[in-house]
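Quick notes on the structure that follows.
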Amino acid sequence: MSEQRSVSYGLKLPARSLAALTGPESSQWAVGTTALREENEILLLDHDPRTASLRPIRSYAHPEEVWAIVPHPSKPTQVATLANSGGRSCARIFTMEPAQSALQPAGELGTGSAAGAPLGSFKALRWHPTAADQLITVSESRLRRWIIRDPSIDMASDASAGDLHQLWTAAWDQHDHSRLLTAGGSNIQAWDLRTMKKSSEIEAAHQMPVRDIDFSRQEPHRCVSGGDDGRICFWDLRHIKAGQPVQAFLAHAHWVWQVRYNPFSDALLLSCSSDGTVGLWHTPSLAAGGSSTPTPATSAATTPRSVLGRDGGDGKVHSFEDHEDSVYAGAWSTSDPTAFASLCYDGRVTVYSVPQQYRSKGK
Amino acid sequence: MAATEAPTAANAADLDEKSKRVRSLLSSYYGTPQAPGSAPSTPTSTDGPGTPASAGPSPAAAAAAAPKSLAGAPSGRPKAMLPPSGLPATPRLTNIDSATFDAERYLQQLLKQTRLDALLVKHIEMSTEIKSLDSDMQMLVYENYNKFISATDTIRSMKSNVDGMDANMQELNTVIESVAGRSQSVNNKLQQRRDHIEELNQVRGLLFKLQAVFDLPRRVRTALEQDAVEIAVDHYAEAAPLLKRYGHKGAIRRVAEEVDALARELSKRLKARLMTQRDDAADTIKLIRRLGEPVESLQEDFLQSMRARLEGILVEAHRVVEAVAAHYRLSPPPADLRIKDPAGWGFEGETPPGLQRFVVELDQRFLTELAQTAALFEELFEAGGRKRLIKVVKRSLSEAAAFEAASTAGVPMDAAAQHGHHGRSGSPSLRLTSPALQRDWGSASLADALYTISNDITRLQRLLPELSPQDRGVEIVEGVVRLHIGNCFSCLERRAISSLADVRSKLRESAPTEAPGSAPEEQPKPLAEAFTALSELVERGAESILQGMRVYTSRQWVLRSWQDVFVDLVQGQLQHMFLSLLSGFLAMAGLQQAGMGSPSTPLASHSSGLQGALKSQGSTGEGPPQPASPSASSAASDRQGGSGSSEPPPTGLVLLLAKLCEFLESQGVAKVMEVLAAVFPGQGAGSGGEQPPAFVAGEVARRLRLAAQQLLTAFVAAHGRRLSLAARRSVDSPDWLQHKEPRGPRPVCQLILERLSEAEAEAGQLLEDSGSMMQRPSSFPDTLSQAVGTSQAATSGVQSSALERNVARLFSERVRFSGRIEFTRSSVLAGVARLGLKSMVEGARLQTLGRAGLQQLQLDVHYLRQPLSRYANNSEGAALWQLLDEVLSAAMERSLEPVLLDPPVVERIMAAAPPLS
């Protein structure tokens, strides 16, 4: 435990949104506060592993409470935010100029040609992995695709998942850009973005609503999901017809809010839960493609011993328990493969580093 | 003297000349060329000196002499007259009748030897003799003259005739020659025909023989049809060399094939006979040998037949075992329940034989058969195939041993299991009858049976020493004991699992009919009953099995050589039973199936690996034998089916399992350890020194503890999920911004409480209260006022609420979710409630509320506060209240207008609110 170095920074306001910023050499994260009746801000934090310091670089005032920050994948200064203002939900794009303390608006979704139509409350926004001017949003039961045409942002297409599904989040396939996964209820839907149709659906992927989905950066077809049943499930999208995950872990005592692959290695994951803990997962055999059949006999699940670190086997290798409240967000650094940040509702951002023995070699 | 000598000489010469003259006369007469000319001259010249007296009779004498010499006439007379003179030296020369008569020497001899008077007498005698001879001769001539003439004539005519015949003879000769030539040619011509005929004749003979060959199949077949096997074999044996030689060509081939087929059939039939009629086996073997089968394959067949018969006995015995099983209604009666000789197997009417009786009967049949066959084999094949015999005997013996082991171990086990069966089907309630467990699990009767078996096996020692029957006996005993132990434990395990399955189905059935709001006191308590029954079953079952093992330890011969192994074995089986019960529990709870991050999976894989190892080791006797439990696998598949159908297991069952694990850990293991120590004092555990004991109580307890915790967590999680759903419904559904003024707590709060009381109903059956629930009223006002104070503070300082919340949290204990849940009702219920309330907090944090919405939630929280404290103890209750506070503070944070109702207002509204149904 002694080598589990962590460094924290406390915000004054409750916060739910955390995102790693792409581009800079050092590890940087953006945190958005979520206070209904306060002045909200987006704070940029910089982590220096040598001095083990986490310090704010800049802060930008944000007019409404920030529910999500989505940095642009290729433009380092551009972010999209989902915000809530008195019950009205809006999705906007900003430019963060280093010299200025205010965000420069770069457009708002739904104000262009389709202005006036009720858009519902935005739950998630995802940039196209490569095309700089495309994004999708998820709101209630609708999946929408947008194209940025300066100065406005136009809705390109609009699809419904069905009235019964409340879509909560979405994940864009990092390898096949025409595929997108959404979480709606306890199910996971796969969409073909060329036709904007549901291509398949995993029924009852979790026993309770699915909170988060993340695609592997390394391997196509591989993804992970976390849900309110406290589980995280590993999926191989080639075999989703069976409806059985490749592997599933009872990860947390309460809802799993986020689960994230390390961008540099599939064998490392983090999970954030409202039980106030952050889980670090080491899954070398899953990453190597092992355990492809979801049979209980072969699943190398965890004994309590292995939950706390067993070499070789897949499982939770560490549980970071120093948050006081629900942990809603976690994000790996985009530049340091061994660092990740987690955000607690009380506004505390903590950056952890992966213990030495689980760091992947050669990457 | 000279004078006398002269005349004798002259006489002799005269005689000689006379005979010569006679001869020449005759020859001149007959015209023979034989010295006709010279003879007449000489006598004249020599005649001169002779006396005139002697001239006269000389021709007569000569004539008389001549016929004598010519005819070879009787000369005996004169000779006989001479012996007195006695001339042994030259008898012939002196014999007057001899052809070589030497008159000179005769005369000299006469002169020398004879006196003068005698000589004169002799002279006179001679003269008279000569005269008589002359006259005789003359007479003869006269008498035979005609005959001479006619003879001469005849000869002359014959001569002329013969001359004429010559030509004829020549002619005849040629004729005969030609005849001979003709005859030769005819003969030649006929020769070919004759050869042909000869050939045909041979062919005919061959055909006769072949006919026999061609008839062979028919004859053999006929013989076969009449079942005259010996005759058939005779036929075949006769023809076999021929067929062997010519069988490959022409028409014979077909015959040969046919005959071969027949021979095969024959030998098949013979072999069949070998199988069925053992008494004739020797003859049959001989017959088969005549059919040309090699000895090895014969031996093989013989042994095969022997094996078949032995197997037959085993099959028969197997039927008996099945019948026994059926009798005890363990298994459905087999369809073909045909026991040839029920009485022989000890059936009395419908009652199956006792184990002892059965074993004796089986041994007698099997071993007698074996011994007889072995003896017969010796007799038939002598020393040749002994090795093979031994091999086969060994094999069938080990088969028999395995069977005996299985059946003997199975019978008492079945009997024991049968009680359980009755217990299940007999009483509709789940109260499992325990009397069955008082028995010693059949150890005693088994031990008796084993004694019989090992003794009987030893009887084979004399006949087949190579098999070392003694060792075999020991092996069987060991195997049976192993099997029995395994069966006992697996049977117990099976009973536990199957009664759990009953509980499960009962819970499933009752779930829909259960009225959601009915008072828990009125409900029957299936869980409590099941727990009592099951815990008793497992504990006392294990105990009684161990007690049953005393039977073995008390009989020295059973464990002669493997006492320590035995103890380890029992302990290992015990451990195995605990662990597999454990994995069975987890599988039932659905924890294994889903493969969630739980200890169940490694445990299960461990035990299944163990089972696999056991399977492979079962025969070698290295490890504990695999308990033959087909129903265990079916139970496993049942589990799979139960939990695979996405229907989660009833929460009550999960709790029951958790409680069972906890019970086993806290009491079962200790109890078992006690019994172990009592049954095997100072043995096994720890006695090996280097090796860990087979039953590691600490490890088993550890795993049980883990499983208990896990099952309990699963129980809490399951109820927590239900509660979460209710809680989410309470905060998600309404439109909080347009909410109306609250007039009382919403009905959804009642739903939350119902969910909780469901959990309480289940937990109340199995878990202790730890007695502190009663203190509730006195201990809570403190926290209540504190909580109210918190909300008042929140009400007063709207702007600083976040700060205050953080400060307040500093002083309150943090609510932990991953904490250990105790086996008490309040701990469990608090765990459930915690999950639900936390979900409510999370739900509230996602909302944006108006003032009315906030106040509605305030009322709801207030409504929940009091009932919730029912479910929890001091510290846990405080945690729940803290969570309720968090709900409220979350609502306030998410409220556009954070104005709470004053406490008196709350009380008023609550009092006025219509009661929730």
message = I'd like the residue in segment A:14-66 that is assigned to a loop (DSSP other than H, G, I, E, B) and hydrophobic (A, V, I, L, M, F, W, C) and, out of all such residues, is farthest from A:Ala80 (Cα to Cα).
response = A:Ala52
task = Among the residues of segment B:726-747, count how many are part of a helix (DSSP H, G or I) and touching a residue at least 24 places away in the same chain (Cβ under 8 Å).
result = 10
Condition broken by B:Pro777, with the remaining ones in (1) over 30 Å from B:Phe823 (Cβ atoms); (2) in a helix (DSSP H, G or I); (3) modelled with pLDDT under 80; (4) not hydroxyl-bearing (Ser, Thr, Tyr) satisfied = (1)
note = Considering residues that are in contact with a strand residue (DSSP E or B) (Cβ under 7 Å, 6 or more places away or on another chain), at pLDDT below 85 and within 14 Å of chain B (Cβ to nearest Cβ), the number found within segment A:36-63 is 1
inquiry  = So if I check each of B:Val716, B:Val675, B:Val654, B:Val696, which one is modelled with pLDDT of 75 or more, within 47 Å of the chain's Cα centre (by Cα), surrounded by 14 or more Cβ atoms within 10 Å (Cβ to Cβ) and among the aliphatic types (A, V, I, L, M)?
reply    = B:Val675
key: Test: A:Glu140 is buried (at least 19 other Cβ atoms within 10 Å of the Cβ) and modelled with pLDDT under 85   = yes
key: Scope segment B:189-207; condition β-branched (Val, Ile, Thr) and farther than 25 Å from B:Ile252 by Cβ; matching residues   = B:Ile197
request  = Working only within segment B:732-750, note down all residues that are crowded, with 21+ Cβ neighbours inside 10 Å and touching a Lys or Arg at 6+ places or on another chain (Cβ under 9 Å).
outcome  = B:Trp736
ask   = Residues of segment A:217-229 being buried (at least 24 other Cβ atoms within 10 Å of the Cβ) and either assigned to a strand (DSSP E or B) or more than 14 Å from chain B (Cβ to nearest Cβ) (or both), which ones?
value = A:Cys223, A:Val224, A:Ser225, A:Gly226, A:Gly227
Segment A:230-261, subset polar (S, T, N, Q) and part of a strand (DSSP E or B), residue nearest to the other protein chains (Cβ to nearest Cβ) = A:Gln247
request  = Would you mind stating whether A:Asp214 is within 12 Å of chain B (Cβ to nearest Cβ) and among the acidic types (Asp, Glu)?
outcome  = no
query = Between a first residue in segment B:833-855 that is surrounded by fewer than 24 Cβ atoms within 10 Å (Cβ to Cβ) and a second residue that is among the acidic types (Asp, Glu), which pairs have beta carbons less than 7 Å apart while being 6 or more apart in sequence or on different chains?
reply = B:Gly843/B:Asp732; B:Gly850/B:Glu897; B:Arg851/B:Glu897; B:Ala852/B:Glu741
ask   = Quick check: is even one residue across segment A:244-261 out of contact with any strand residue (DSSP E or B) (no Cβ under 6 Å at 6 or more places or on another chain) and either of a type in the set (S, T, N, Q) or farther than 29 Å from B:Met840 by Cα (or both)?
value = yes
inquiry  = Here is a list: B:Leu298, B:Leu274, B:Leu224, B:Leu216. Which entry is at pLDDT 75 or above, closer than 29 Å to B:Thr373 by Cα and outside any loop (DSSP other than H, G, I, E, B)?
reply    = B:Leu224
request  = Go over the candidates A:Ala301, A:Ala251 one by one and state the one that is among the aliphatic types (A, V, I, L, M) and modelled with pLDDT under 70.
outcome  = A:Ala301
task = Quick one: which residue in B:Glu897, B:Glu907 is within 14 Å of chain A (Cβ to nearest Cβ) and on the phi < 0 side of the Ramachandran plot?
result = B:Glu897
message = Out of everything in segment A:322-363 that is touching a residue at least 12 places away in the same chain (Cβ under 8 Å) and among the charged types (D, E, K, R), what residue ends up being farthest from the other protein chains (Cβ to nearest Cβ)?
response = A:Asp336
ask   = Based on what the data block shows, is A:Gly32 more than 14 Å from chain B (Cβ to nearest Cβ), in contact with an Asp or Glu (Cβ under 9 Å, 6 or more places away or on another chain) and at pLDDT below 80?
value = no
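The values are calculated or read from the model by the stated rules, or taken from the named source; none is laboratory data. Note that the coordinates shown come from a computational prediction; the quantities given were computed from them, not determined experimentally. Virtual Cβ from ideal backbone geometry, glycine too; neighbours counted across all protein chains shown.
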